[in-house]
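Inspection log for the structure reproduced underneath, given as C-alpha cells.
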Amino acid sequence: MLFAFKSLTPKDNEMLIFLQENMHALEESAILLVDGINQPLDAAVKLKQNEKLESIVRDGGEKILAELRNTFIAPLDREDIYRISCKLCDIAESQRGVLERIVTSSIQTVEAEDKILAGHILQSTQIFCRVISELPKLKKHADKIDDMCLKIVAVAKNAQTLYRQSIGNILCQDLSGESLKRQDLLMQMEKVQGLYANVAILLRGVVMKYV
C-alpha cells in the first residue's frame with residue numbers, strides 16, 4: 001500500500017494512508033452491499049461482515065484525528081482532511097444501513113432498479129478509491145482528480161433520477177407493507193449516493209486550492 005505514497009515523507013503520508021485504508025474498507029463494504037441486494041436471504045451474513053468494515057473506517061478516522069492533533073504540518077489542509085475523514089465515516093454507517101434495512105424488514109426479493117442503484121454505489125466507491133490514491137500527487141494530477149469527482153457527481157445524478165422514478169412507481173401502486181419497506185430501502189441507497197456526491201464536491205474544492 002505504501003508504494004502509492006513514496007513522494008511524501010513518512011510522517012506526512014500517514015494521514016493519506018489512513019484515508020486510503022478507509023476507502024479500501026468502504027469498497028469491500030460496497031461489494032457486500034451489492035451482494036446483499038442481489039441475494040437478500042444472505043444479507044444477515046453480509047451485515048455482520050459490514051459491521052467489521054465500518055469499525056475499520058471509524059478506527060481509521062480516529063487515527064487521522066490523532067495525527068491532526070499531533071502534527072502541525074499536514075499533506076493537505078487540516079480541516080479538509082478532517083472533513084473528508086468524517087464523510088467516509090458517514091458513508092460507512094449509511095452503507096451498513098442498507099443491509100440493516102434488508103435484514104430488519106425481512107426483505108426477500110428486490111427489483112431490478114434496486115440492483116442498479118446498488119451498482120451505482122459500488123461504481124462511486126471504486127472511482128473514489130482512485131481519487132484518494134491520487135491525492136499525494138494532487139498538484140500534478142489535479143485535472144484527473146477533478147474529472148473523477150465529476151464522474152461521481154454524474155453517477156449520483158443518474159442514481160437520483162432512477163430513485164425518483166422508482167419512488168413514483170411505488171406511489172402509483174398500493175402502499176402495502178412490502179412497498180413501504182422497499183421505499184425505505186431505496187431512500188437509504190439514495191442517501192449513500194448523495195454522500196458520495198457531497199464528498200466529491202468537497203474534493204473539487206480541495207483541488208482548487210492547490211492549482
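Filtered by the rule that a residue be surrounded by fewer than 16 Cβ atoms within 10 Å (Cβ to Cβ) and either of a type in the set (Asp, Glu) or at positive phi (or both), the range 52-72 gives Asp59, Glu62. Would you be able to say whether some residue in the range 73-86 is β-branched (Val, Ile, Thr) and outside any helix (DSSP H, G or I)? Scanning the range 73-86, I find at least one residue that is β-branched (Val, Ile, Thr) and outside any helix (DSSP H, G or I), so the answer is yes.
Taking the numbered list (1) farther than 24 Å from Leu19 by Cβ; (2) open to solvent by 40 Å² or more (accessible area, probe 1.4 Å); (3) touching a residue at least 40 places away in the same chain (Cβ under 8 Å) in turn, Leu171 passes all entries but (3). Within the range 102-112, the residues that satisfy the criterion of being over 14 Å from Lys48 (Cβ atoms) and open to solvent by less than 60 Å² (accessible area, probe 1.4 Å) are Ser105, Ile107, Val110. Taking the range 161-211 as the range and being in a loop (DSSP other than H, G, I, E, B) and hydrophobic (A, V, I, L, M, F, W, C) as the test, the residues that pass are Cys172, Leu175, Val211. Within the option set Glu111, Glu190, Glu100, being among the charged types (D, E, K, R) and at pLDDT below 95 holds for one residue only, Glu111.
The values are calculated or read from the model by the stated rules, or taken from the named source; none is laboratory data. Remember, predicted model here, so these are calculated numbers, not experimental data. Cβ coordinates were reconstructed from backbone atoms using ideal geometry, including for glycine residues, and neighbour counts include every protein chain displayed. In case anyone asks, the SASA skips ligands and DNA or RNA and just uses the protein heavy atoms, side chains included. Shrake-Rupley method; radii C 1.70, N 1.55, O 1.52, S 1.80 Å.
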